[in-house]
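J.: Starting off with a structure, shown below.
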Amino acid sequence: MSRKIWLSLGKSLPKTTKTAMAAIKKSELSWNVIHKEIKIVGGIKIPDKVAIVREDTGNVLGVVNSSYKSIQNYNVFAFLDKFVQSGNASYYAAGYIGKGEKIWLILKLNDEIVLSNNDIIEKHILFSNAHDGRGAIRAYFLPLRKSSQTLLNIYFGKRVEQGIQMRHIGKIEQRMSEAKNIFDLSEQYYKKFQDNIETIYNSYLTNAKTEMFLESCFQTYSINSTRTQNTLNKIKEFYKQETHAFKNANSAWAWFNSVVDYIDYNRLSKGKDNIDRTSNHLESLFWGSGLLLKQKAWEAISTIIKI
């Protein structure tokens, strides 16, 4: 089960990667976008609109106002070089979603959270930029469980607390200032995250509370349907693996991670082919329904053990 989920759509970066330019080259992001006029049948130009086109493949990534300014891949993450070269973080992985509509880069922070039985949580920040006209560069906190390579990118309270949006236009110095803000916020986020998961790790569920937790995770589905029961059976199989690996039977942490394991490795995403499905799945885990389902599981377990 344990594999890096993004490897189908991105590249792990060696620790020797010290610049965003090197990260871009090693992760197959060395392509530009250009703006092209849009014409309808008959050659009539659509005013004030342009298509964002990936130059190497010719794929249309989005349609925007003609005043929209795109940032080339080699410039998107350049503001992070200072933090990497100072030793505060390292380039970890990078890639793109779909045909290039979104590009992403994961930065790994230096320290880790170590739970009992050497269950390690690595601290990361996920940076992304959209080439489909959605604007801002995003920076989200991305805890990663080392043993299973699963993403634990939950948030506390309002979703905005999971990270920030950064200016899409402006000088690199402005983005460096905003990046400093996200690093400062990461200390607060990961301190709260550690306090919470240590409580969950040391809490245990009765059979009744286990059923309550699982039903809370899937309360918007028909709990007795064949599909939901198959899902619950898969989660219980992951739970057996959890307890075998970490000797933590009935631990709330084991049950929570069993749901996360299912979402990351077994929950299916729609798409016309395998590449499309894989792309949709990773987008779901980073920003979409997979993330929201994990959040529901987090809130359910937190409520049951009264964090």
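The values are calculated or read from the model by the stated rules, or taken from the named source; none is laboratory data. All of these numbers come straight from a predicted model, not from anything done at the bench. Cβ sites come from the backbone with ideal geometry, for glycine too, and all protein chains shown count toward neighbours.
J.: Residues that are touching a Gly at 6+ places or on another chain (Cβ under 8 Å) and of a type outside the set (F, W, Y): does the range 79-94 have at least one?
T.: Yes, some residue in the range 79-94 is touching a Gly at 6+ places or on another chain (Cβ under 8 Å) and of a type outside the set (F, W, Y).
J.: Ok, one more. Look through K49, K45 and report the one residue that is touching an Asp or Glu at 6+ places or on another chain (Cβ under 8 Å) and basic (K, R).
T.: Of K49, K45, the one residue that is touching an Asp or Glu at 6+ places or on another chain (Cβ under 8 Å) and basic (K, R) is K45.
J.: Across the range 103-113, what is the number of residues that are over 16 Å from P14 (Cα atoms) and modelled with pLDDT under 95?
T.: Residues meeting the conditions: 1.
J.: So in the range 91-115, with the set limited to residues that are among the small types (G, A, S) and assigned to a strand (DSSP E or B), which one is farthest from W31 (Cα to Cα)?
T.: Filtering first and then ranking leaves A93.
J.: Taking the range 23-50, which residues are small (G, A, S) and either in contact with a helix residue (DSSP H, G or I) (Cβ under 7 Å, 6 or more places away or on another chain) or buried (at least 16 other Cβ atoms within 10 Å of the Cβ) (or both)? I'd like the intermediate steps shown before the answer.
T.: First, the residues of the range 23-50 that are small (G, A, S): 23, 27, 30, 42-43.
If the condition is that a residue be small (G, A, S) and either in contact with a helix residue (DSSP H, G or I) (Cβ under 7 Å, 6 or more places away or on another chain) or buried (at least 16 other Cβ atoms within 10 Å of the Cβ) (or both), then A23, S27, S30 are the ones that fit.
J.: For the range 262-274, state whether one or more residues are over 24 Å from the mean Cα position of the chain (by Cα), without any contact (Cβ under 8 Å) to a residue 40 or more places away in the chain and assigned to a loop (DSSP other than H, G, I, E, B).
T.: Scanning the range 262-274, I find no residue that is over 24 Å from the mean Cα position of the chain (by Cα), without any contact (Cβ under 8 Å) to a residue 40 or more places away in the chain and assigned to a loop (DSSP other than H, G, I, E, B), so the answer is no.
J.: Follow-up question, since we're still on this one. Is it fair to say L232 is assigned to a helix (DSSP H, G or I), without any contact (Cβ under 8 Å) to a residue 40 or more places away in the chain, among the hydrophobic types (A, V, I, L, M, F, W, C) and farther than 28 Å from N118 by Cβ?
T.: So L232 fits the description; yes.
J.: Taking the options S258, S269, S216, name whichever one is crowded, with 17+ Cβ neighbours inside 10 Å, modelled with pLDDT of 90 or more and hydroxyl-bearing (S, T, Y).
T.: Exactly one of S258, S269, S216 is crowded, with 17+ Cβ neighbours inside 10 Å, modelled with pLDDT of 90 or more and hydroxyl-bearing (S, T, Y), namely S258.
J.: Just checking, how many residues over the range 235-260 are assigned to a helix (DSSP H, G or I) and over 14 Å from L214 (Cα atoms)? Step through it out loud before you land on a result.
T.: So the first thing to find is which residues in the range 235-260 are assigned to a helix (DSSP H, G or I), and the list is 235-246, 252-260.
Add one more test, that the residue is over 14 Å from L214 (Cα atoms), and what stays is 240-246.
Qualifying residue count for the region: 7.
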